[in-house]
Amino acid sequence: MGQLSRFWRESEHRYRLLGTRCENCGRVYFPPREVCPTCHRESIGKMKDLELSGEGVIESFTVVHEAPPRFSRQKPYVLALIKMEEGPMITGQIVDCDPSEVEIGKHVHAVFRRMGEDGDTGVIVYGYKFALD
Amino acid sequence: MSGIVTYGSYIPRYRIKPDEIARVWGENPEHIKNGIYILSKSVPAPDEDVATISVEAARNALKRKKIDPKEIGAIYVGSESHPYAVKPTATIVGSAIGVDFSLFAADYEFACKAGTAGMQNVKAMVDAGMIKYGLAIGADTSQGAPGDALEYSASAGGTAFVIGKDDTIAEINSTLSVASDTPDFWRREGQPYPSHGERFTGEPAYFRHVVTAAKMMMERMETQPKDYDYVVFHQPNGKFPTRAAKMLGFEEKQYKDGLLTPYIGNTYSGSMMTGLSSILDVSKPGDHILAVSFGSGAGSDAFDITVTDRIEEMDRNRAPTIKKMLENVRWVDYAIYAKYKKKIIVGDGIE
């Protein structure tokens, strides 16, 4: 890690699932965008903050058995593509379940969890994960 | 008058039974279960801590009542297991629920009563007109040394109360506190596990403070035990609160709905507040509640509360009730528990 300023800049979005909605076409983006990739210049000044509900459906998933060190206490763990209620697709971990319980089409909701920490002395990073409904 | 505008709790999903802990340490599980009346306790997932529990509890409160987070003018988080020694949990909670930059915020520590101290603080601020709403949270991922008696009880969970003057579901009619310098339980700076002063735990600490605070409140309010529909005390185990209730003259029907420790263990700063949350899940307009916390070191905060008509207007199922969180569990054995609680230390490169 060691990317303190980057995590700080993104923390509001990661904490609250804060995306943007193009007031021109209605599409919702997460992470937030300054300009709508569909409407281009038409969207300038029309991108409004939108907090996602956290509700979504599993579009696809994988089970990670060879985990990076900071996930060693959680493996095997599930990483999924979540189609959010508002439209964006988000990659996130599914927690508090056995991988055998996870299926495409199941409903999930966002939860607030530790994403990692910079060793024993560094900052703790928080953000969204998902749990089965 | 001010009171509770909304409330929410969070209890981690994982549970361990005392039989499993006793198996590892060569104890008699029946002796433990009968001695402290704990049948299971909650265990935080490896990616949960007091900040995540506090945020989930606060979000559950805001699910039950849609108030603008920017109208929450103060956040106080009480815990003895804040993730940082220096850096507040309260600001993490504030950012996660989207409060305004103009904010009173701090973390509190007073063993198991830091959360209720926060309730008193935000109530006073609301009454003084300093803020419209205040958020008080009590949460812990409490520590118990391997093999120590506390390992059977030290659990995780938390509860958040939004306190204000408008649309209260429960009026806080009065609150008072008692405190004394008592060496019943402590954790020194930098130490991973707490210590307890054996014989100080019961009479000089828990019972003296809890019973005295309860009696003082009943004297102030000119009430008797029979005047209350519910009573809830701090719950370090399943035995102490029931004994305190009986000493004061309360009956089982008054304390059973708020007694959670037999199922989730001692959530420390979240203990009494989560018991109160459980009572609010089932209470009706007009119900009269006596709630008394206890924090080692030592002190008690007492609250006299009356549930209002507005509780019927609140859809309490918009957030998980305590009953639902007691049902939705995953059992772990001692090895998984030790891994999750970082009692197993791994080498560099493994984690």
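Each value in this text was obtained by applying a stated rule to the coordinates, not by laboratory testing. Small disclaimer: the values here were computed from a predicted structure and weren't measured. Neighbour counts run over all protein chains shown; Cβ positions are idealised from the backbone, glycine included.
Just to confirm a number: summing +1 for Lys and Arg and -1 for Asp and Glu over residues other than B:Ala302 whose beta-carbon lies under 14 angstrom from that of B:Ala302, what do you get?
+2
Give me Rg over Rh for the protein assembly as shown, both radii from the alpha carbons and Rh done the Kirkwood way, two decimal places.
Using only Cα positions, Rg/Rh for the protein assembly as shown is 0.97.
Can you figure out the FRET efficiency of A:His109 with A:Arg41, using R₀ = 35 Å and their beta-carbon distance, to the nearest 0.05?
That pair, A:His109 with A:Arg41, gives E of 0.45.
Give me the number: length gained by fully extending B:Glu203 to B:Lys70, i.e. 0.36 nm times residue separation minus the C-alpha to C-alpha distance, one decimal in nm.
43.5 nm
Please compute, for peptide B:306-318, the average count of beta-carbon atoms on other protein chains lying within 10 Å of each residue's beta-carbon.
Other-chain Cβ atoms within 10 Å of each residue's Cβ, averaged: 0.
Label points 7 Å out from Cα along the Cβ direction at B:Lys63 and B:Glu171: separation in nm?
Each label point lies 7 Å from its Cα, and together they span 3.0 nm.
If the reach is capped at under 17 angstrom between alpha carbons, list the aspartates and glutamates near B:Lys284, excluding any in the same chain fewer than eight residues apart.
Output for B:Lys284: B:Asp167, B:Glu171, B:Asp227, B:Asp229, B:Asp257, B:Asp304, B:Asp309, B:Glu312, B:Glu313, B:Asp315.
Kindly state, to the nearest 0.05, the FRET efficiency for B:Ser102 paired with B:Glu219, given R0 = 35 Å and r defined as their beta-carbon distance.
Plugging the Cβ-Cβ distance into 1/(1 + (r/R0)^6) gives 0.30.
How big is the dipole moment of chain B about its Cα centre under a simple scheme where the beta carbon of each Lys and Arg is +1, that of each Asp and Glu is -1, and everything else is neutral? Debye, nearest 20, please.
Roughly 480 debye for chain B.
Give the order of B:Lys339, B:Lys123, B:Lys253, B:Lys324 when sorted by the count of other beta carbons within 10 angstrom, beginning with the fewest.
Going from least to most buried by this count: B:Lys253, B:Lys324, B:Lys339, B:Lys123.
Select from B:Asp304, B:Asp181, B:Asp140 the residue whose mean-square fluctuation is largest in a Gaussian network model of chain B (Cα-Cα springs shorter than 10 Å).
Of B:Asp304, B:Asp181, B:Asp140, the Gaussian network model singles out B:Asp181 as fluctuating most.
Quick one: if you stick a label point 7 Å off each Cα along the C-beta vector at A:Glu12 and A:Asp133, how many nm between them?
3.0 nm
Taking the simple approach of a point 7 Å from Cα along Cα-to-Cβ for both A:Asp98 and B:Glu351, what is their distance in nm?
My value for the distance between the label points is 2.4 nm.
Pop out the ³J(HN,Hα) list for the range B:45-55 in order, Karplus 6.51 cos²θ - 1.76 cosθ + 1.60 with θ = phi - 60°, rounded to Hz; leave Gly and Pro as x.
5, x, 9, 10, 8, 5, 5, 5, 5, 5, 5
Taking the convex hull of the Cα atoms, report for chain B its projected area averaged over all directions, in nm².
Across all orientations, chain B yields a mean hull projection of 16.8 nm².
Given the options B:Phe185, B:Phe233, B:Phe161, state which has the largest fluctuation in a GNM of chain B using a 10 Å cut-off (strictly under) for Cα springs.
Looking only at B:Phe185, B:Phe233, B:Phe161, the largest GNM fluctuation is found for B:Phe185.
Considering the options B:Pro183, B:Val24, B:His196, tell which one lies farthest towards the positive end of the dipole of chain B, charges being +1 on Lys and Arg and -1 on Asp and Glu at the Cβ, about the Cα centre.
Projecting each Cα onto the dipole axis, the largest value belongs to B:Val24.
Label 7 Å along Cα→Cβ of B:Met130; the range B:50-82 residues with amide nitrogen under 13 Å?
Only B:73-76 fall inside the zone, counting backbone N under 13 Å.
Work the Kirkwood hydrodynamic radius out for the range B:289-351: mean of 1/r over every pair of different alpha-carbon atoms, inverted, in Å.
Here the Kirkwood hydrodynamic radius works out to 16.9 Å.
Any idea what the alpha-carbon Rg over 2.2 N^0.38 Å comes to for the range A:53-132?
Compactness ratio reported: 1.11.
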